[in-house]
Amino acid sequence: MRISVAPGARLILEDGCALGERCRIDADGGTVRIGRNARIGERAMLVAVAGIEVGAGADVGDWAVIADAEPAFADRPAPISVGDGARIGIHAAILAGATVGAGEEIAPYATRAPGRASGPGGQETRAPRSSA
């Protein structure tokens, strides 16, 4: 795994969180918080300029990307929130300003960003899992 925290940025790893092999966390600004018992998959990448919060028990799939800034001059960094118990599928992308609700599932290969969504077969998300 590769972890980089720039001066002024913070990384908070809560109890029981798991970081997959070769995952990458770059905190270039703001705070990156990985909640209690959350899992970051193998080769997943979190890149923060404004801040990223991954809730308790959330699961970020292998090769997924969570990036709060896009590589364009017109775009501004915006914090990202992944709710408790949310699941982000393999190879999915969560982009600047996006929110993934508690218990929500993002399909594999899907993209979540404010104002736009795409995924395999047009399916971006699934309904929250029931606790029954």
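The values are calculated or read from the model by the stated rules, or taken from the named source; none is laboratory data. Fair warning: this is a prediction, and the values are worked out from it, not measured in the lab. Here the Cβ positions follow ideal geometry from the backbone for every residue, glycine too, while neighbour counts run over all protein chains shown.
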Single condition Gly30 does not satisfy, out of (1) under 23 Å from Glu105 (Cβ atoms); (2) in contact with a Lys or Arg (Cβ under 8 Å, 6 or more places away or on another chain); (3) in contact (Cβ under 8 Å) with a residue 24 or more places away in the chain:
(1)
Name the residue that is surrounded by the most Cβ atoms within 10 Å (Cβ to Cβ), counting only residues in the stretch 46-59 that are within 24 Å of Pro71 (Cβ to Cβ) and in contact with an Asp or Glu (Cβ under 8 Å, 6 or more places away or on another chain).
Ala48
Taking only the stretch 6-29 into account, find how many residues are surrounded by 16 or more Cβ atoms within 10 Å (Cβ to Cβ) and either of a type outside the set (Gly, Ala, Ser) or modelled with pLDDT of 95 or more (or both).
12
Can you confirm whether the stretch 72-81 contains a residue that is buried (at least 24 other Cβ atoms within 10 Å of the Cβ) and either in contact with an Asp or Glu (Cβ under 6 Å, 6 or more places away or on another chain) or closer than 15 Å to Arg43 by Cα (or both)?
yes
Of all the residues that make up the stretch 48-80, how many are without any contact (Cβ under 8 Å) to a residue 40 or more places away in the chain, out of contact with any Lys or Arg (no Cβ under 8 Å at 6 or more places or on another chain) and not small (Gly, Ala, Ser)?
10
